[in-house]
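Everything below concerns the one structure shown next.
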Amino acid sequence: MKRIEAIIRPERLETVRDALDELGYPGMTVAEVKGHGVQKGVIEQWRGQQYRVSFLPKIWLMLVVDDEHAEKVIDSICANAATGEVGDGKIFVSAVEDVVRVRTKERGLAAI
Ligand SMILES: Nc1ncnc2c1ncn2[C@@H]1O[C@H](COP(=O)(O)OP(=O)(O)OP(=O)(O)O)[C@@H](O)[C@H]1O
Ligand SMILES: [Mg+2]
């Protein structure tokens, strides 16, 4: 299983969520976060100088999927989160050892 953590633009969340739902991934965790990438946030010009304004609001979206569908999920997030501008976000992929559904104690793939 893979944990897919996507940092995306807040305004793309609904679109990304709907696409994941259609793919058959209704389970996910979302949080409002702040961050910056290589541009280090918004750079504003004032009197010819550049200023770093702040961290930017982003959405952290996390879902755990089976290995064989991870690429499909990543493609879907990319397709639906992208605007083509800097700040579109980033996806981190890592291995998940096990999952437990608390209600039934099911494990692994059955618990996703
Ligand atoms: N290396 C990183 N580690 C953890 N979080 C990151 C990292 N890079 C980006 N992020 C998170 O992703 C958000 C979006 O990053 P962003 O899309 O600006 O990445 P980027 O590398 O600057 O690419 P781009 O040049 O397309 O803007 C950031 O606000 C931050 O929350
Ligand atoms: Mg950036």
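The values are calculated or read from the model by the stated rules, or taken from the named source; none is laboratory data. Bear in mind the structure is a predicted one, so any value in this text is a computation, not a measurement. Neighbour counts run over all protein chains shown; Cβ positions are idealised from the backbone, glycine included. Heavy atoms of the whole protein, side chains included, go into the accessibility calculation; ligands, DNA and RNA do not. Shrake-Rupley method; radii C 1.70, N 1.55, O 1.52, S 1.80 Å.
Quick one: pull the percent of accessible area on the chain belonging to carbon and sulfur, 1.4 Å probe, ligands and nucleic acids left out. Carbon and sulfur atoms account for 52 percent of the accessible area of the chain. In a DSSP loop and with at most 13 other Cβ atoms within 10 Å, the trypsin sites (Lys or Arg not before Pro) in region 1-82 are 40, 47.
Using Cα atoms only, what is the angle between the long axis of helix 13-23 and the major principal axis of the chain, expressed in degrees (0 to 90) to the nearest 10? With both axes taken from Cα atoms, the answer is about 30 degrees. Cross-link partners of residue 34 among lysines, defined as those whose alpha carbon lies under 18 angstrom from its own and excluding same-chain residues fewer than eight positions apart: 58, 90.
Summary value for region 2-111: 40 percent relative contact order, contacts being C-alpha pairs under 8 angstrom separated by 6+ residues. Of the residues 81, 70, 31, the one that moves most in a GNM of the chain with alpha-carbon contacts below 10 Å is 31.
What the chain shows is 68 Å² of accessible area per residue, with the surface traced by a 1.4 Å probe over protein heavy atoms. Taking the 0 to 90 degree range and rounding to the nearest ten, how far is the long axis of helix 70-81 tilted relative to the main principal axis of the chain, both from C-alpha atoms? Between the helix axis and the principal axis of the chain, the angle is about 40 degrees. Within straight-line reach of residue 72, meaning a Cα separation under 16 Å, sit the following aspartates and glutamates at least 8 residues removed in sequence or on another chain: 5, 18, 21, 22. Sparsely packed loop sites in region 14-112 (the GluC sites (Glu not before Pro) outside DSSP H, G, I, E and B with at most 10 other Cβ atoms within 10 Å) comprise 85, 97.
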